[in-house]
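Just below is one structure, and these are the notes that go with it.
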Amino acid sequence: MLTFEEAQKQVDDWVKTYTDGYWPQTEQGSQLIEEAVELQRELRHLYGRKKKKDDDSKASILEELGDVLMPLICVANQEGICLEDAFARLMEKCHGRDAERFRKTK
């Protein structure tokens, strides 16, 4: 299984093969939002009332999730943030602050 650290390294190695390198963080942020909207669109087509038109792209949720990962990983790399640390902090919030926030299964 691929770790966040390995994914970050693979993206960094790939980006460094190009002379332009990483896009500015503000552009990465915009790209992340754009990709998240495309993911939401796929979810809406699959589970919502608005179904795809025949001429819409056939992108899958899998592809859109992958597209969300790229700018996210790029920002983490540019900022020197280990995504494993970010994930650990997220889970601390889930088990700490948010532990009683939602209804639990029996």
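Annotations for the structure displayed:
- Residue-span extension gain [Glu5 to His95] - 0.36 nm each, minus C-alpha spacing: 30.1 nm
- The 3J(HN,Hα) values that the Karplus relation (6.51, -1.76, 1.60; θ = phi - 60°) gives for segment 68-81 are, in residue order, 5, 5, 4, x, 4, 5, 4, 4, 4, 4, 5, 8, x, 9 Hz. Gly and Pro appear as x.
- Diagonalising the gyration tensor over the Cα atoms of segment 4-95 and scaling each eigenvalue by 5 before taking the square root yields semi-axes of 27, 19, 11 Å, largest first.
- Taken one residue at a time, the phi angles of segment 6-16 give Karplus couplings (6.51, -1.76, 1.60, θ = phi - 60°) of 5, 4, 4, 5, 4, 5, 4, 4, 5, 4, 6 Hz. Gly and Pro are set to x.
- Between segment 70-97 and segment 1-56, the Cα center-to-center distance that results, in Å: 16
- Placing unit charges on each Cβ (+1 for Lys and Arg, -1 for Asp and Glu) gives the chain a dipole about its Cα centre, and among Tyr18, Ser60, Gly29 the Cα reaching farthest toward its positive end belongs to Ser60.
- Mean separation of Cα contacts under 8 Å, 6 or more apart, over the residue count of segment 4-95: relative contact order %: 43
No value in this document is a laboratory result; all are computed from the given coordinates. In this text the structure is predicted, and so the values were computed from the model without any measurement. Cβ coordinates were reconstructed from backbone atoms using ideal geometry, including for glycine residues, and neighbour counts include every protein chain displayed.
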